[in-house]
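These notes are about the structure you will find just below.
The values are calculated or read from the model by the stated rules, or taken from the named source; none is laboratory data. Keep in mind that this is a model prediction, so the values were computed, not measured. FYI the Cβ positions are ideal-geometry reconstructions off the backbone, even for glycines, and counts take in every protein chain you see. Each accessible area value is taken on the protein alone, full model and side chains, heavy atoms only, with ligands, DNA and RNA left out. Shrake-Rupley method; radii C 1.70, N 1.55, O 1.52, S 1.80 Å.
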Amino acid sequence: MEIINRIPRMMSTGRELRTGGARIGLVPTGGGLHEGHLSLMSRARELCDSVIVSILPDQDVEKPAVDLARDAELAFTRGVDFIFAPAAEDMFGKGFSTSVTVQGLSEKLEGASLGGHYRGVTTAVNKLLNIVNPHFAFLDRKDAQRAILVKRMVRELAMDVEIVVCPIVREEDGLALSLANAGLSTEERKAAIVLRRALERCQSLYNGGEREADRLIASMQSMVEAEPLARIDYVAITDTDRLDACDSVPGDMPTLVSLAVFIGATRLTDNIVLNGEL
């Protein structure tokens, strides 16, 4: 496995791989790898000849410093061929003034709480795809909005890459894997299961024939509000194209059910897709 830090080297490597006929898979990450990321690498290994993992921390989200040696060891266990870990100043140096925005979608759901976060995400992913030039890029459904935004960007800009959205990886008790989980106390960790339980209630009601979005949302809200350590940021049922709120869940297309909840001071998110996948 080779670690590449410079953009020209990564570009030339991508060209060489394509010229040699290799199918290239990219797994874009922000570092701090966990089993959710590793599952994407395993899926990429199944579909591709060469697997590249990019490590580019979000510049507008506070996270622990990336331990590249640790992340490289984990990536190696999943058969990754290259790690692309450019310096932030090389990707977005002084005077960088270009951005890619999926207008009308970036400001909804998570975007309403995170300001211009998704403008940064789509700009970074666009640049990574241009540098690596992969055949496939692998994203997880944990950040469903990111997956939807990137798929729309790729489609509308006619980019030559297929976006593969993989299932959420969960703990044994159902809590979605996330770096944020490390901030939970023992009691908060127990309380956090309420997110998954609320989504399961929604799924159960849907399976039982309920289609009214207001009723499904109310059922989830009541469950979360019954947990003393939980505070709702939002609960939403939207389409998977424009992220517009649904009055009722259609029976012929996928519908995203998502929620963001503070458990103590830690903000957690989770989601399911009714009637299909992203």
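For the stretch 199-278, compute the orientation-averaged projected area of the C-alpha convex hull (one quarter of its surface), in nm². Show your work: numbers first, answer last.
Details: hull surface 20.1 nm².
Answer in nm², one decimal: 5.0.
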Taking 0.36 nm per intervening residue step and subtracting the Cα-Cα distance, what contour gain separates Gln103 from Asn130 on full extension? 7.7 nm
Fluctuation leader among Gln103, Gln203, Gln221 - the chain, Gaussian network, Cα springs under 10 angstrom: Gln103
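Probe radius 1.4 Å, ligands and nucleic acids left out: which of Phe92, Phe136 has the largest accessible area, and how do the rest follow? Could the numbers behind the result be given before it?
Numbers: Phe92 60, Phe136 30 Å².
Reading off the accessible areas and sorting them downward yields Phe92, Phe136.
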Run down the lysines and flag those whose C-alpha is under 21 Å from the C-alpha of Lys190, throwing out any fewer than 8 positions away in its chain. Lys142
Pull up the cross-link candidates among the lysines for Lys94, meaning alpha carbon to alpha carbon under 25 Å and not fewer than 8 places away within one chain. Lys63, Lys127
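Rg/Rh for the stretch 63-135 to two decimals, with Rh computed the Kirkwood way over all alpha-carbon pairs. Walk me through the numbers before you get to the answer.
Numbers: Rg = 15.0 Å, Rh = 14.6 Å.
With Rg and the Kirkwood Rh in hand, the quotient comes to 1.03.
Ordering Tyr234, Tyr118 by accessible area with a probe of 1.4 Å, largest first, what comes out?
Tyr234, Tyr118
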Once you keep just the Cα pairs under 8 angstrom separated by 6 or more residues, what percentage relative contact order results for the stretch 1-141? 35
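So what's the back-of-envelope 222 nm ellipticity for the chain, counting only DSSP H runs of four-plus at -39500 (n - 2.57) apiece and dividing by all residues, rounded to 500?
Here the helix-only value at 222 nm equals -11500 deg cm²/dmol.
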Relative contact order computed over the chain (Cα-Cα under 8 Å; 6+ residues apart), in percent: 16
So how far apart, in nm, are the two label points at His34 and Asp67 if each is 7 Å from Cα heading toward Cβ? 1.4
Just to confirm the number: angle between the C-alpha axis of helix 213-225 and the first principal axis of the chain, 0 to 90 degrees, nearest 10? 90
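DSSP loop GluC sites (Glu not before Pro) in the stretch 11-96 with at most 12 other Cβ atoms within 10 Å of their Cβ, which ones? Could the numbers behind the result be given before it?
Working: sites: Glu16, Glu35, Glu46, Glu62, Glu73, Glu89; in loops: Glu62.
Listed in order of number, the matching sites are Glu62.
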Connecting every pair of Cα atoms under 10 Å apart in the chain and solving the GNM, the largest mean-square fluctuation among Met223, Met153, Met41 falls on Met223
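For His117, His135, what's the largest-to-smallest order of accessible area, 1.4 Å probe? List each step's numbers first, then the result.
Working: His117 15, His135 55 Å².
Largest to smallest exposure gives the sequence His135, His117.
Could you compute the longest span of the chain free of trypsin sites (Lys or Arg not before Pro) located in DSSP loops and having at most 15 other Cβ atoms within 10 Å, not counting the site residues? Let's see the in-between values first.
On the way: sites that count: Arg6, Arg23, Lys94, Arg242.
Free of exposed loop sites, the longest segment is 95-241.
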Label model pair Glu210, Ala158: point-to-point distance (7 angstrom along the Cα→beta-carbon line) in nm is 4.6
Here are a few candidate values for Cα extents along the principal axes in Å: [x] 79, 45, 29; [y] 54, 41, 39; [z] 43, 38, 38. Which one was actually calculated from the structure I just gave you? [y]
Report Ser248's accessible area, 1.4 Å probe, all protein chains in place, as a number in Å² to the nearest 10. 50
Max mean-square fluctuation residue, GNM over the chain, Cα-Cα springs under 10 Å, options Thr238, Thr123, Thr186: Thr186
Quick one: pull the percent of accessible area on the stretch 170-210 belonging to carbon and sulfur, 1.4 Å probe, ligands and nucleic acids left out. 44
Share of carbon and sulfur in the accessible heavy-atom surface of the stretch 1-113 [1.4 Å probe, %]: 51
Per-residue SASA entry for Met11, accessible area with 1.4 Å probe, Å² rounded to 10: 70
Cα gyration tensor shape for the stretch 1-65, rounded if a/c is under 1.5, else prolate or oblate: oblate
